[in-house]
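Just dropping this structure here.
The values are calculated or read from the model by the stated rules, or taken from the named source; none is laboratory data. Small disclaimer: the values here were computed from a predicted structure and weren't measured. A quick note on method: Cβ atoms are made from the backbone with ideal geometry, for glycine too, and the neighbour counts reach across all protein chains shown.
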Amino acid sequence: MKTSRLAFVALAATIGLAVGASAPSNAADPKEHYGMVVFLKGSEFFNWAYAGFQDEAATLGATTELQGPADWDASAEARAVDQLVAKGVKGVAVTAGDADTLTASIDAGLKAKVPVLTFDSDSPKSHRLLFVGTNNYNAGYQAGLAVAKLLGDKARVGISRIPGLDSINHRVAGFTDALKKMAPGAQIVTEVNDEGDLQKAEPVNTAMLQAHPEINVIFCGHGNPATGALAATRNVGRDKDGPNKVYVVAWAIDVPILQGVENGDYGMTVAQNPYMMGVQSMLELWSAAHPTQFDSMSNPGLGQVPTSDLDTGVKILVKGDPAIKALMTPPKL
Amino acid sequence: MHVAPRRLFENVIVVQYIGLVCVTLLTLFGFQAAFGNVLTRANLEVLAMNMVFEGIMALGMTFVIITGGIDISVASVFAFSEILVAKLMVQAGFAIVPAILVTLVAAAAIGALNGVLIVLFRVHPLIITMGTLLTLRGVNLAITDGHSVSGFSDAFLFLGQGKILGINVPILFFAGAALVLGVLLGQHRFFRQLYFIGGGERAARLSGVNVSRVKIIIYMLSASLAGCAGIMAAAKYGAAHWAHGNLAELKAIAAVAIGGANINGGSGTIGGTVLGVIFLAVVHNAFVTSAVNTFWYDVVSGMMLLIAVLLSRFIALRNARALLGLKQSKMDQLSATSKT
């Protein structure tokens with residue numbers, strides 16, 4: 001019996017120690033508190049976003065917390081939003097793992113007068129204050145300008161993408177428009193479906209290069225195919241500098257891609273700015289949580305925030321860009 | 001006079017129940033005292049809703065575990081049911097009731113398939129239900145192309161977002177199901193057979209229990225409850241998505257084990273499972289209200305599970321040893337009597 005009692009005490013102590021040891025002492029802290037909710041918690045991209053959120057909050061004298069599942073479960077995100085709203089945070093920034101699943105929780109938060117916005121991935125059917133993230137058309141346009149600058153009218157482009165996704169459609173539209181405008185002689189030769197799988201990207205891009213040897217640029221419409229596209233250029237012996245080189249335009253800021261750009265393997269990469277997404281999200285939530293003498297027209301009772309999306313922009317990174325080195329150093333959380 | 005309460009307290013289940021209730025209340029009131037935002041109506045509602053779908057799955061899992069089995073396919077049955085009910089209503093134009101009935105029949109059929117494969121081929125339930133988990137996960141992705149399905153009627157949304165007497169419908173369902181299933185498990189002959197099967201399948205079979213039939217029904221019940229949870233989750237979130245309920249099977253199993261069920265079968269109660277569900281919900285809530293990095297939640301839940309299982313095992317071994325001692329002393333008494 002004595003042992004049973006001891007075991008019970010150990011049970012209680014474990015919770016106390018595990019939770020208490022890492023609990024911030026904000027019991028009597030008057031600072032305003034804001035929450036960020038992500039899916040794939042722990043991913044490098046969202047670590048950057050949270051670092052921006054946290055750093056901006058520190059300049060405003062507020063505190064923050066990061067919530068959300070470590071896997072791709074938007075229902076767990078919805079519950080995290082509900083939880084933060086019930087806790088009484090001053091604002092919530094959420095990236096929607098699934099646009100529709102988050103709608104009810106975002107709207108419930110706003111109904112409870114807690115400002116909620118989306119960043120990186122939107123939930124357009126909800127009444128979120130605004131969306132902070134990359135405007136995909138503009139980002140694609142920037143990539144098109146960079147390719148036009150690199151190869152001009154000689155550019156012959158193959159596109160590796162997943163068909164049917166709005167975000168990628170917008171990127172490709174922006175890319176095509178920029179190319180048409182700045183290099184009218186350039187051509188989009190063909191598109192392949194890499195199914196969002198980097199392993200499938202290699203065979204489909206290899207086949208594309210074999211079928212269309214005139215291609216000298218592979219534009220990756222999303223983050224996954226770059227490694228496979230680069231492997232495809234190696235498969236057909238067109239990865240080395242020279243007149244036959246195929247330039248791969250990646251769409252990622254993963255360290256291996258950045259390293260590849262620095263080594264000259266990739267022609268360039270389209271770098272979104274998750275840190276800026278975090279900074280701007282915090283600023284907008286702060287503004288919404290502090291009404292001035294005139295209420296927001298679209299959200300009475302809240303402070304002023306733009307109702308249109310806020311484009312955090314992209315940077316086209318090429319070899320030697322100092323931003324590559326900065327991005328290769330993970331943020332401190 | 002002193003013997004009865006002492007024996008009562010020695011009882012494994014009572015010790016674990018009291019322990020769980022105390023730790024849960026300590027956590028709840030401790031965090032309320034420290035952070036002051038736990039015992040608010042809004043937070044308690046969120047706390048209850050946070051684990052309600054896993055809780056419904058845990059009720060079915062309790063029966064499976066008592067028989068000595070395991071059903072890790074519940075999370076994919078959950079997502080499949082979400083998707084199926086959504087597609088039937090939004091894309092095939094079914095009315096609410098027929099869509100729900102078809103979905104529940106489909107979920108029960110998956111459970112039946114699990115049960116039949118387990119009893120027919122005598123393969124460990126872990127392997128069979130893992131196969132179902134992976135297959136259904138693929139099916140869920142394939143039939144949705146990775147997109148969510150939404151656009152439900154308000155009447156359907158009521159099943160997940162509505163309230164009756166101020167209490168959320170899924171919570172009422174969980175409470176009602178726990179009550180009915182708890183009474184059945186405690187009183188009904190069919191459900192009492194589960195303990196015989198979990199205690200020793202061969203002995204149960206020799207005693208005339210139709211083990212195969214009982215097992216198939218129990219896996220059907222488990223899948224049907226996961227189906228109910230999936231339908232209500234679609235209504236709660238207003239959307240069905242292949243990734244919903246990811247890893248929910250582990251939370252359901254953890255709740256059952258923390259609630260005192262022997263993972264090897266033969267013991268467990270619905271009351272214990274309900275306490276396990278409440279405990280996990282409170283611990284998760286404590287992490288959010290205290291703003292501790294939620295990565296630690298899994299660490300604490302895992303440690304709690306380990307401690308609960310080890311504690312249960314330790315007390316069970318001690319009781320078995322005491323029982324052996326009792327038998328020995330009776331035999332000694334008998335032999336002494338026969339000598340005289």
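I need the full set of residues from the range A:174-213 which are touching an Asp or Glu at 6+ places or on another chain (Cβ under 8 Å) and within 18 Å of A:Val236 (Cα to Cα), in order please. If you could, list the steps in order and put the result at the bottom.
Residues of the range A:174-213 touching an Asp or Glu at 6+ places or on another chain (Cβ under 8 Å): A:183-186, A:189, A:200-201, A:204-205.
Passing the criteria: A:Val189, A:Lys200, A:Ala201, A:Val204, A:Asn205.
Which of the residues spanning the range A:119-170 are over 14 Å from A:Ile218 (Cβ atoms) and of a type in the set (D, E, K, R)?
A:Asp120, A:Asp122, A:Lys125, A:Arg128, A:Lys149, A:Asp153, A:Lys154, A:Asp166
Residues checked against (1) assigned to a loop (DSSP other than H, G, I, E, B); (2) hydroxyl-bearing (Ser, Thr, Tyr); (3) away from chain B (no Cβ under 14 Å):
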{"position": "A:Gly35", "(1), (2), (3)": "no, no, no"}
{"position": "A:Leu40", "(1), (2), (3)": "yes, no, no"}
{"position": "A:Phe45", "(1), (2), (3)": "no, no, yes"}
{"position": "A:Ala58", "(1), (2), (3)": "no, no, yes"}
{"position": "A:Leu66", "(1), (2), (3)": "no, no, no"}
{"position": "A:Asp71", "(1), (2), (3)": "yes, no, no"}
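What is the residue count in the range B:139-156 for residues that are within 14 Å of chain A (Cβ to nearest Cβ), in a helix (DSSP H, G or I) and out of contact with any strand residue (DSSP E or B) (no Cβ under 8 Å at 6 or more places or on another chain)?
Initial filter on the range B:139-156 (within 14 Å of chain A (Cβ to nearest Cβ)): B:140-142, B:144-152, B:154, B:156.
Still in the running and in a helix (DSSP H, G or I): B:140-142, B:144, B:154, B:156.
Subsequent filtering for residues that are out of contact with any strand residue (DSSP E or B) (no Cβ under 8 Å at 6 or more places or on another chain) retains B:140-142, B:154, B:156.
Residues in the range B:139-156 being within 14 Å of chain A (Cβ to nearest Cβ), in a helix (DSSP H, G or I) and out of contact with any strand residue (DSSP E or B) (no Cβ under 8 Å at 6 or more places or on another chain): 5 in total.
Collect the residues in the range A:149-171 that are surrounded by fewer than 21 Cβ atoms within 10 Å (Cβ to Cβ) and either modelled with pLDDT of 95 or more or among the small types (Gly, Ala, Ser) (or both), keeping them in residue-number order. Walk me through it before giving the result.
Residues of the range A:149-171 that are surrounded by fewer than 21 Cβ atoms within 10 Å (Cβ to Cβ), as a first pass: A:149-154, A:156, A:162-170.
Hits for the range A:149-171 are A:Lys149, A:Leu150, A:Leu151, A:Gly152, A:Asp153, A:Lys154, A:Arg156, A:Gly164, A:Ser167.
May I pose another question? Which one of B:Leu159, B:Leu221 is within 14 Å of chain A (Cβ to nearest Cβ), over 27 Å from B:Gly19 (Cβ atoms), assigned to a helix (DSSP H, G or I) and not basic (Lys, Arg)?
On the way: B:Leu221 fails: within 14 Å of chain A (Cβ to nearest Cβ).
The unique qualifying residue is B:Leu159.
Would you confirm whether or not the range B:310-331 contains a residue that is outside any helix (DSSP H, G or I) and more than 9 Å from chain A (Cβ to nearest Cβ)? Walk me through it before giving the result.
The initial filter retains those residues of the range B:310-331 that are outside any helix (DSSP H, G or I), namely none.
No, the range B:310-331 contains no residue that is outside any helix (DSSP H, G or I) and more than 9 Å from chain A (Cβ to nearest Cβ).
Looking at (1) surrounded by fewer than 24 Cβ atoms within 10 Å (Cβ to Cβ); (2) more than 30 Å from B:Ile143 (Cα to Cα), which is the only condition B:Gly268 fails?
(1)
Residues checked against (1) within 14 Å of chain A (Cβ to nearest Cβ); (2) modelled with pLDDT under 95; (3) more than 16 Å from the chain's Cα centre (by Cα):
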site	(1), (2), (3)
B:Phe196	no, yes, yes
B:Ser207	no, yes, yes
B:Asn262	no, yes, no
B:Gly266	no, yes, no
B:Gly276	yes, yes, no
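Report those helices (runs of 4 or more DSSP H) wholly inside the range B:39-89 carrying at least 2 residues which are more than 13 Å from every other protein chain (Cβ to nearest Cβ) and surrounded by 24 or more Cβ atoms within 10 Å (Cβ to Cβ).
Of the helices (runs of 4 or more DSSP H) lying wholly inside the range B:39-89, those with at least 2 residues that are more than 13 Å from every other protein chain (Cβ to nearest Cβ) and surrounded by 24 or more Cβ atoms within 10 Å (Cβ to Cβ) span B:52-66, B:74-86.
Pairs please, first residue from the range B:164-178 and touching a residue at least 12 places away in the same chain (Cβ under 8 Å) and in a helix (DSSP H, G or I), second anywhere and buried (at least 16 other Cβ atoms within 10 Å of the Cβ) and hydroxyl-bearing (Ser, Thr, Tyr), Cβ atoms under 8 Å, 6+ apart in sequence or on different chains.
That search, which allows pairs on different chains as well, returns B:Ala178/B:Thr273.
Could I ask something else about it? Give all pairs with beta carbons closer than 7 Å in which a residue from the range A:33-50 that is touching a residue at least 12 places away in the same chain (Cβ under 8 Å) and among the small types (Gly, Ala, Ser) meets a residue that is buried (at least 22 other Cβ atoms within 10 Å of the Cβ) and assigned to a loop (DSSP other than H, G, I, E, B); count only pairs at least 6 apart in sequence or on separate chains.
So the pair list comes out as A:Gly35/A:Val89; A:Ala49/A:Asp120.
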